[in-house]
Structure formats: C-alpha cells, structure tokens
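What follows is a short report on a single structure.
Read the figures in this text as sums done on the coordinates, not as results from a lab. On a predicted model such as this, the values are computed, not experimentally measured, just so you know. All Cβ positions, glycine included, derive from the backbone under ideal geometry; neighbour counts span all protein chains shown.
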Amino acid sequence: MNKLILLFIGVFILITGCMSSVVVEDYQADFEKQKSIYDLDYHTGERTPIQLANISITKEILNDYPGLADKRVGLGLTNRILENFEETGYFNYTEEKEDILNQMIDKWELSDAGLAADGSELKTGSIILPKYFVYAELYEFSVSTEEFVENFNTRIQTSTRVGFQIRMVSVENGEYLIASGLGSTTQTGLGFLANPDMNFNQSTVGMSTQKALETATVTLIQRAKRRGWL
C-alpha cells in the first residue's frame, strides 16, 4: 500500500514538474491598436490621385528573416496596400493596378531591402499626376513561442507580430503624414508526448500583415482628414 502511495506521489511530481510556460508581454502603443477598414464610412466623393512609391523592410529584420526578401512578399504587400486604399473610396491611382504590381516586383528583385528609398525611380506613368506619394515600411517582425506541457500533452502557441508604418508625402511641398499599425496572430498546436510541428506559417504572417496595414491605413486617413488633406 505504501509503495502504491509513493508511486502516485512520484507520478504527480513528474506531471507537475513537466508543466511549464513561457509568457511574453504583448504590448501595443495606443496608435498601433487594431482598427478595421470598415470603421471608416466609404467615401463617395471625389477621389485623390496617389502613387505607391516605395515599400521597404529594415535590414535588421531581413537579417533575422531573410525569407521576407522573396519577391512574393513584395507582391503580397503591394497588393494588400492597394486593396486597403481602394476599399476606403478615398483614392485612385496614377497607373493601372497591374502596372503598379509589375513595377514594384521589378524593383523588389533588384534590392535586398525592398524598393529604393531615395525615390529616384519614381515616375508618373500617365496623364494623371499624383497629389501624394505613399511609402510603406515594415518596421517590426517577430515570431515568439510559448510552450505548455500538461498531462503528457504539449501545447505550442506561436505568435507572429507585424508592424507597418505608412507615410503619405505631398508632391506640392514635401510635407508628410505618418501612421503605424501592429498586427498579431497566434497559431496553436497540440501534441502528445511530443512537440507539434509549428513551422513558419504563411497564413499567420498574412493575417498579421493585413491587421497592421488596416490599422495604419485607417489612422492615416483620419489624420489626413483632420489636416484637410482629404
């Protein structure tokens, strides 16, 4: 009987000793907190012509996540920015969407950190002249993992955080407005007596990117309206 009690005690200690967790503080500044494109009323008035001029990723982030230099990342970012802007009803573009995408990819392939930041390759490309140039920068990208072991089950939570800043520059006088957004998406995996496979997940990156860009876009438009730019 004593041996049986000792066995139960040993198993209990083993199980509780294996329970572990690592928690990372999830902080967002007020200006980064999630906003939706649909928080804005769709604009039905005159549209403002803009040109998407530059998308970049900081070299520090590329050093840690070289996969972000892939041209498909540039295509995805460009497309999301154009779609978000289009969804608000405030803007039109100096070129067709397909032409913008092709130009962005051509430039993306020539750089290890997104498009040229000096604006030397900017072209109007059509009769319509832009009122503003739009720049976007990926300023934060991180993947953090929390692990929990309970009753022989291993639960892994991987959170992807993406931070974007959008800058809109006046062609007339060079003044600019900036807005930032931070998006976070968590993927959960469960394994029995083994760690679940939690490789780099493109869907969580895409969702986090969309959240960040929506927040930045909404904030940018709100600030532009207060300044009388729109």
Under the Karplus relation 6.51 cos²θ - 1.76 cosθ + 1.60, θ = phi - 60°, what is the ordered set of whole-Hz ³J(HN,Hα) values for the range 63-69, x standing for Gly and Pro? 5, 7, 10, x, x, 5, 6
From the cross-link list 59/107; 59/97; 59/211; 71/225; 71/97, which pairs have alpha carbons spaced over 25 Å apart? 59/97; 71/225
Given H placed 1.01 Å from N in the peptide plane, which residues other than close sequence neighbours of residue 56 have an amide H under 5 Å from its amide H? 115, 136, 137, 138
Once phi is turned into ³J(HN,Hα) by the Karplus curve 6.51 cos²θ - 1.76 cosθ + 1.60 with θ = phi - 60°, what whole-Hz value does each residue of the range 39-52 show in order, with x for glycine and proline? 6, 8, 6, 4, 7, 10, x, 5, 8, 9, x, 9, 10, 6
With label points set 7 Å from each Cα along the Cα-to-Cβ direction at residue 129 and residue 176, the distance between them in nm comes to 2.1 nm
Counting only residues 5 or more places away or on other chains, whose amide H sits under 5 Å from the amide H of residue 65 once H atoms are built in the peptide plane? none
Please turn the phi angles of the range 225-230 into ³J(HN,Hα) values with the Karplus equation 6.51 cos²θ - 1.76 cosθ + 1.60 (θ = phi - 60°), one per residue in order, whole Hz, x for glycine and proline. 5, 5, 7, x, 7, 10
